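Enquirer: The structure's right below; bear with me while I get my questions together.
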Amino acid sequence: MSNMSKLWRLYKMGGITPAVASMFNPQSAQQMAFIRSVMKEQRKNSMYDIPLQKLDTVVFDLETTGFSPYNGDEIISIGAVGMTGGQLLEEQSYYSLVKPEKAIPDAVVRLTGIDNDEAGRAPELIVVLKEFLEFVNHRVLVVHGSGHDKHFLNSALWKTSKVNLSHRFIDCLILAQRLEPKRGSYDLDTLLADYGIEANGRHHALYDAGMTAQLWKCLLAETLRRDVHTLGDLYDFLSR
């Protein structure tokens with residue numbers, strides 16, 4: 001196959017930028033192909049009948065350079081832990097820094113403790129995305145405040161692989177709002193304090209993922225007491 005034929009085939013798969021990158025970087029082509037295959041397979045899975053007590057999830061957190069990936073803000077770290085139902089799987093965790101394309105703002109360095117020298121030695125975004133998706137596989141994603149994380153993951157996936165995130169989400173913030181609609185605040189620090197979860201190492205992606213996992217365990221117990229037993233039941237409960 002000629003180079004032009006290869007380029008045209010890659011272009012049809014996902015766009016000219018990854019196509020050109022892949023022509024000169026076979027490893028990136030393999031990573032892009034893996035990411036796209038995970039998203040394609042994920043769309044085929046139906047999990048609505050799975051009992052919540054047996055549901056395999058990955059609780060994750062991102063640290064970013066700002067609030068808008070569409071204005072140039074970037075992911076600088078990903079942390080995640082595995083769970084089955086309300087049980088934290090101690091042996092299952094993932095953490096990586098991500099090499100940004102631009103300098104990390106001073107305020108973010110102070111908040112996260114991630115400096116530009118450290119981040120500059122980190123893996124490229126596509127490498128971390130592939131590793132993260134290998135860790136997640138087809139499990140449901142759990143997060144606190146899914147809007148922020150979905151935007152950044154979708155932006156990163158589109159930038160590297162021209163594909164959108166297709167995993168199912170459970171948002172602890174939205175679930176807490178549904179369980180306790182009269183509560184005054186639903187930010188992570190307030191919920192952690194109210195559920196007696198020690199806030200240690202905030203704004204480190206792996207530690208935040210671990211604390212969110214403890215919060216999910218508490219919210220799951222309350223959810224089960226509402227006669228909500230499967231993932232389908234949960235989505236129905238959240239939509240009422």
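Enquirer: Give me the strands (runs of 3 or more DSSP E) completely within region 63-177, filtered to those with at least 3 residues that are surrounded by fewer than 20 Cβ atoms within 10 Å (Cβ to Cβ) and either at negative phi or free of Cβ contacts under 8 Å to residues at least 12 places away in the same chain (or both), ordered by residue number.
Expert: Hits in region 63-177: 87-97.
Enquirer: Looking only at region 117-168, how many residues end up being within 30 Å of CYS218 (Cβ to Cβ), at pLDDT below 95 and hydrophobic (A, V, I, L, M, F, W, C)?
Expert: Here the count works out to 1.
Enquirer: Sort out which residues of region 197-214 are more than 16 Å from ASP187 (Cβ to Cβ), in contact with a strand residue (DSSP E or B) (Cβ under 9 Å, 6 or more places away or on another chain) and not aromatic (Phe, Trp, Tyr), and write them in order of number.
Expert: Result: HIS204, ALA205, LEU206, ALA209, GLY210, ALA213.
Enquirer: Ok, one more. On the given criteria, is ASN200 in contact with a helix residue (DSSP H, G or I) (Cβ under 6 Å, 6 or more places away or on another chain) and outside any helix (DSSP H, G or I)?
Expert: no
Enquirer: Of the residues GLY184, GLY232, which single one is farther than 20 Å from LEU88 by Cβ and assigned to a helix (DSSP H, G or I)?
Expert: GLY232
Enquirer: Please indicate, with yes or no, whether at least one residue in region 197-209 is β-branched (Val, Ile, Thr) and under 19 Å from the mean Cα position of the chain (by Cα).
Expert: no
The values are calculated or read from the model by the stated rules, or taken from the named source; none is laboratory data. Bear in mind the structure is a predicted one, so any value in this text is a computation, not a measurement. Neighbour counts run over all protein chains shown; Cβ positions are idealised from the backbone, glycine included.
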